[in-house]
Amino acid sequence: MNKINDTSVVQQQYATANNLNTRMSIHAKYSTNKMGFGNWIVSNYRIDKGMKVLELGCGTGDMWKNRETLISACSKLILSDFSEGMVATTRDHVGCYDNIEYRVWDIQDLPYEDESFDVIIANMMLLLQI
């Protein structure tokens with residue numbers, strides 16, 4: 001099997017937030033964007049009050065950290081990742097809210113019907129079709 005399709009390789013690479021944190025620190029150090037990557041991404045979200053939001057590949061949850069206003073606008077927010085370690089880190093970074101669910105799953109097997117969410121976010125994921 002090609003390593004890119006081997007889920008055990010992906011699980012090992014992203015078992016913890018260490019590798020992702022290294023990548024994010026490189027972006028932060030060398031970026032010319034004064035706004036910061038995360039702030040820029042979030043500034044482009046179009047989330048209105050009462051929307052149901054699903055994030056696939058939430059990583060460390062930094063996009064939601066300290067964003068209580070954005071979180072409270074969502075009627076439901078599901079933060080998900082393939083890695084249990086990433087979801088645990090996200091839970092630590094974001095915290096507990098009545099409208100947030102944390103889920104570990106493979107995006108190829110989502111347990112939702114089409115049109116279940118108003119917004120689906122998949123930032124910085126490795127998306128391949130082989």
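Select from region 110-130 the residues that are in contact with a strand residue (DSSP E or B) (Cβ under 7 Å, 6 or more places away or on another chain), of a type in the set (A, V, I, L, M, F, W, C) and assigned to a loop (DSSP other than H, G, I, E, B) and write down the one among them that is modelled with the lowest pLDDT.
Once the filter is applied, the top-ranked residue is Met125.
Quick check: anything in region 25-33 modelled with pLDDT of 70 or more, closer than 20 Å to Ala122 by Cβ and assigned to a helix (DSSP H, G or I)?
Looking through region 25-33, at least one residue is modelled with pLDDT of 70 or more, closer than 20 Å to Ala122 by Cβ and assigned to a helix (DSSP H, G or I).
Here is a list of conditions, (1) farther than 27 Å from Gln12 by Cα; (2) more than 13 Å from the chain's Cα centre (by Cα), and Val42 meets all of them except one; can you say which number that is?
The single condition Val42 does not satisfy is (2).
Could you list all residues from region 42-72 that are in a helix (DSSP H, G or I) and closer than 21 Å to Ala28 by Cβ?
Scanning region 42-72 gives Val42, Ser43, Leu70.
Here are Cys96, Cys58, Cys74: which of them is buried (at least 19 other Cβ atoms within 10 Å of the Cβ) and over 22 Å from Leu20 (Cα atoms)?
Only one candidate qualifies: Cys74.
Kindly evaluate Thr69 against the criterion of being out of contact with any Ser or Thr (no Cβ under 8 Å at 6 or more places or on another chain), among the β-branched types (Val, Ile, Thr) and either without any contact (Cβ under 8 Å) to a residue 40 or more places away in the chain or crowded, with 19+ Cβ neighbours inside 10 Å (or both).
Considered against the rule, which asks whether it is out of contact with any Ser or Thr (no Cβ under 8 Å at 6 or more places or on another chain), among the β-branched types (Val, Ile, Thr) and either without any contact (Cβ under 8 Å) to a residue 40 or more places away in the chain or crowded, with 19+ Cβ neighbours inside 10 Å (or both), Thr69 comes out as yes.
Return yes when Asp92 is touching a Cys at 6+ places or on another chain (Cβ under 6 Å) and of a type outside the set (A, V, I, L, M, F, W, C) and no when it is not.
Considered against the rule, which asks whether it is touching a Cys at 6+ places or on another chain (Cβ under 6 Å) and of a type outside the set (A, V, I, L, M, F, W, C), Asp92 comes out as no.
Scan (1) under 18 Å from Asp118 (Cα atoms); (2) without any contact (Cβ under 8 Å) to a residue 12 or more places away in the chain; (3) of a type outside the set (D, E, K, R) for the single condition Ile41 breaks and write down its number.
Among (1) under 18 Å from Asp118 (Cα atoms); (2) without any contact (Cβ under 8 Å) to a residue 12 or more places away in the chain; (3) of a type outside the set (D, E, K, R), the lone unmet condition for Ile41 is (2).
Any residue at all in region 91-109 that's more than 24 Å from Val119 (Cβ to Cβ), part of a helix (DSSP H, G or I) and at pLDDT below 95?
No: region 91-109 contains no residue that is more than 24 Å from Val119 (Cβ to Cβ), part of a helix (DSSP H, G or I) and at pLDDT below 95.
The values are calculated or read from the model by the stated rules, or taken from the named source; none is laboratory data. As the structure is a prediction and not an experimental result, all values here were calculated from the model. Cβ atoms come from the backbone with ideal geometry, glycine included; neighbour counts cover every protein chain shown.
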